[in-house]
Each structure stands twice: as structure tokens, then as C-alpha cells.
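Please treat every number below as a calculation from the coordinates, not as lab data. Not measured: the values here are computed from a predicted model. Note that we place each Cβ from the backbone using ideal geometry, even for glycine, and neighbour counts take in every protein chain shown.
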Amino acid sequence: MKKLSFFPILIVLLFLCNSVMAQDADKSKFHFGLKAAPALSWFVPSDKNFTNDGSKIGFGYGLMTEFNFSKNYAFSTGLEILNAGGKIRFPDSTLSKKLNDKNDTFVVTSTSYGLRYINIPLLLKLKTNQIGAMTYFGQFGFDVSFKWRALANNEAKLDGTPITVEDVNFSEDINFLRLALNVGLGAEYNLTGSTSVVFSINYNNGFTNAMVKNSKFLSTKNYSALTQKVVFNYVGLTIGVLF
């Protein structure tokens, strides 16, 4: 299946947003902009047999929109591409037969996941009155994320010899839909008119299983599918411009 580029989609959305804003007599009720968001992400396994084996630095970018109910309240949403992941350590009895073209049986010790999501935040934004050129705000709401891609680098043992198998397509082991709580604090610096630079830090706590319950790749030493229950969390720093 051919991979889609979301840059043309973002350009179209920007054009549509600009058209809507031009038709709105009160432009202060609607704002749109672009953002970049470096993130630190990690997994939290619910199964005591799994352990978090490290975090991963990721990056997100996309379109943000804001609909103001009043001077101090707004609904914030948008469309984001999030690249993140984390690392999980497995028991020594975890096996895999799909890490290479030969279908050799590996003993998997650790897996580093690289995930890409299309993310839609649905946030209530509570703002202070403007103080000088600054406005401070808090955000609370939810994220709805859709899996785009999932790759993994695996540390394993083949006949007792440590090896690394990179860029394995693990998409079948990652759930398509992810739901999460999103809370954040930030500030806006007004440049001129309705144009502002936005800074925020957000904590994103997943509350649905990031992985499928029964692994398509990993198994126990008895060759039954490995049961997985893992949530995916991250902290992101947003830097953007609202028009």
C-alpha cells in the first residue's frame, strides 16, 4: 500500500481555514496556525513480565485551530503527525518467528518501537486576560490517534548468539486506534493583531491498550501468542504560530 504524504493535506486545510476565516465577520472567534512539537515518549506495561526499557525522543508537527466561545474560553483542535515510541524488555522465554525472511526462531530480549500516528486533539482551552503582550492558558481534553506506521528494532538471540534485527514491520501488533488524556499549560505572545507565538507543554496519558491483546509476532516458550497490555505516554513541547 502506497504511503500518503500529509503535506498536501495540510496545505489544503490551511486554504480551507483561510477561506472560512475570510467569510467570518468576526475573525477573533477563529484562529488557525502551524506547530512543531518535540516529544519524549515511553511505554507503561501492565503485565509484570514486561518492563519499560527506555524512552524515545520523537517529533510532531501539524495544523492547529482554535474556536473561541468567549474571551477566556476556547475549543482547540487540529491535525498532527506524531513520530514517537519507546522500548520494552521481554522475558527470556519470549520467542519470535517473523523477524527475518527465513522465519528462524529468535529469543527476543528487547524491542524498540518507532510509531507514527495521525493525531486529533480535542481540548478545552482556558485563557487569562492579556497581561502586556502575554496570555496564559491551561488545556484539558482528549486525543484520538490513528496508527499510520509501526517499525521495530529487536535485540534477540539466535542459537545463543546476540543479534539485532532492525526495521521490522510491527504494524499488526499495534492497535489502530489510541485514546488518551491530554493536559497542558502554556502561553501566547502577541506579535500583532490576532497573530501570536504559542508555547505549551502537554502530558499525554494513554488509557487504551497500545498493542493488540494477542501478539501476531511474539509467543511464549510453549508457542502460544504472547498476551500484551501496554499504554503509551508522552510529554510534548509545542511551539507554534496562531493567525
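Worth a mention:
- Relative contact order (%) - segment 7-242, alpha-carbon pairs under 8 angstrom, separation at least six: 19
- Long-range HN-HN contacts of Asp47 with modeled amide H, under 5 Å: Lys229
- Under 5 Å between amide hydrogens, built in the peptide plane, is the criterion, and for Asp53 it picks out Lys87, Ile88, Arg89 among residues at least 5 positions away or on other chains.
- The calculated FRET efficiency for Ile239 paired with Leu191, based on their beta-carbon distance and R0 = 22 Å, is about 0.95.
- Shown here for segment 42-94: trypsin sites (Lys or Arg not before Pro) in loop regions (DSSP other than H, G, I, E, B) with at most 16 other Cβ atoms within 10 Å, namely Lys48, Lys71.
- Trypsin sites (Lys or Arg not before Pro) within segment 198-243, DSSP loop, no more than 16 other Cβ atoms inside 10 Å: Lys213, Lys221, Lys229
- Taking other residues whose beta carbon is less than 13 angstrom from the beta carbon of Asn83, and scoring Lys, Arg as +1 and Asp, Glu as -1, yields +3.
- Surrounding net charge for Lys71, when Lys and Arg each add one and Asp and Glu each subtract one, Cβ distance under 11 Å: +2
- Volume per residue that the Cα convex hull of segment 145-243 spans, once the total is divided by residue count, Å³: 134
- A full extension of the chain between Tyr223 and Lys157 corresponds to an added length of 22.1 nm, given 0.36 nm per residue minus the alpha carbon distance.
- Applying the Karplus relation 6.51 cos²θ - 1.76 cosθ + 1.60 with θ = phi - 60° to segment 220-229 yields 3J(HN,Hα) values of 7, 5, 8, 6, 8, 4, 6, 7, 10, 9 Hz, where x marks Gly and Pro.
- Helix 7-23 and the longest principal axis of the Cα set of the chain meet at an angle near 20°.
- Net charge over other residues, Cβ less than 11 angstrom from the Cβ of Ala225 (K, R count +1; D, E count -1): +1
- The orientation-averaged projection of the convex hull spanning the C-alpha atoms of the chain amounts to 14.4 square nanometres.
- If you wrap the tightest convex hull around every Cα atom of segment 173-223 and split its volume per residue, you get 120 Å³.
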